[in-house]
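Trainee: This is the structure I have questions about; it appears just below.
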Amino acid sequence: ARLPEVPRTWGWMLQLYSLRSDDSWGMGDYGDLAEIARRAGDEQGAGVLLVNPVQAFVPSTPLQRSPYSPASRRFASPLYLRVTDTEAFRTASDEVRAAVSRLAPANDTELIDHDAVWLAKRAALELLWEHQTDRPRPEDADDDLRAFAVWSALAEVHGADWRRWPESMRDPASPAVTIAGEELADRVAFHLWLQALCREQLDAARAAAHDAGMAVGLVHDLPVGVDPGGADAWAQQDVFASDVRVGCPADAFNPLGQDWGLPPWRPDRLAATGYAPFRDVVRSVLRHGDGIRVDHVAGLWRLWWIPPGEPAHRGTYVHYDADVMLAALLLEATREEAIVVGEDLGTVEDVVTRTMHERGILSSAVLW
């Protein structure tokens, strides 16, 4: 299968966190993304916006700074929520709105203080949550979303890395986790609500791009992997090679190779599950976008696995079924009428770039 031709256009590659406006709380947010989409499309004639990964993070401080090591690639980051754009804020009493506004962190710092931003937003959202009458019920959420919300609530109690939790909490299917989820039902519901707010604001940003006449719209970035102590690695332990790290071999720029600290998927378990975990990730990223950029697209063919206790240059390549991975990627993109961009810079086999061109996947190049 081949994707349709992509309209010839231009656009911006954005690091959303750096794009602060007068309405931001210490860093760029989903509201800023919508405004940039409107202005870039209406005033500049841009046809596309490529956004850094905005996937979920561990909800306890200190936060993971890199957007390329998310806790989950299937859910969105509440760190980018604009509190004042929520229905809960708009319908709150004057007293509550004033209390929320007083929580806003400094917006003119030289460097972004992720922890301060999250603590302020969380406090504001919790204040609005106290007055929220239409609350999501954990039992009504789908299994994956509910598991993510349970993990988020447990991470607030036990810390960022599930591998250091009490042993009974490390298995998402254990009776202890079920009981803990019931005991933490209010926090679980709170995190379900945050995901609903993320969906609303991401959809609004996408709609702004469409209303501005963008030829493509919003393209979201898909990182190579996830934090080994995060939600996906906890919920899908049978699919990950948890003790292995992904990286890349030595090259002219990195003579010792690179260790990215991300656990790879097991090819055998992907095949046994019908590649459902990969399809779910792609579907989740495309839920709020018009395209997907696959970071290190060569990873659909092979990944550099680094064994436990070994340096990066002592790793080895492990191959995946690229035909099936590509078929799953293109199927989801076709369903959403989305474009696909592959980041094929660095050490990449010729077959990768050649196959991308044959399948209608856009390549990457450094202009300057």
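The numbers here are math on the coordinates, done by the rules we state, and not lab data. These numbers were taken from a predicted model, which means no experiment stands behind them. Cβ placement follows ideal geometry from the backbone for every residue including glycine, while neighbour counts extend to all protein chains displayed.
Trainee: Cα-based Rg (one decimal) and Dmax (whole number) for region 253-345, in Å?
Mentor: 14.6, 43
Trainee: Quick check: from the Cα gyration tensor, does region 52-196 come out rounded (a/c under 1.5), prolate or oblate?
Mentor: oblate
Trainee: In the calculated pair distance distribution of the chain, what percentage of Cα-Cα distances lie above 30 Å?
Mentor: I get 40 percent for the Cα pairs in the chain exceeding 30 Å.
Trainee: With springs only between Cα atoms under 10 Å, which of SER152, SER93, SER284 fluctuates most in a Gaussian network model of the chain?
Mentor: In this elastic network of the chain, the residue with the biggest mean-square fluctuation among SER152, SER93, SER284 is SER93.
Trainee: Another question, if that's okay. I want to verify a result. In a Gaussian network model of the chain, Cα cutoff 10 Å, which of these has the top mean-square fluctuation: GLY346, GLY11, GLY230?
Mentor: The residue with the greatest mean-square fluctuation here is GLY346.
Trainee: Would you mind getting me the FRET efficiency between ARG137 and LEU256? Use the beta-carbon distance for r and R0 = 56 Å, nearest 0.05.
Mentor: After rounding, the FRET efficiency stands at 0.65.
Trainee: Okay, next question. Gain in length, THR334 to SER174, computed as 0.36 nm per residue apart minus the alpha-carbon separation, to one decimal in nm?
Mentor: 53.8 nm
Trainee: So, by mean Cβ neighbours within 10 angstrom, what's the order for 239-247, 96-104 with the highest one leading?
Mentor: 239-247, 96-104
Trainee: Right, next: On a full-extension model of 0.36 nm per residue, what is the gain between THR347 and MET13, subtracting their alpha-carbon distance, rounded to one decimal in nm?
Mentor: Result for the pair: 118.0 nm of gain on full extension.
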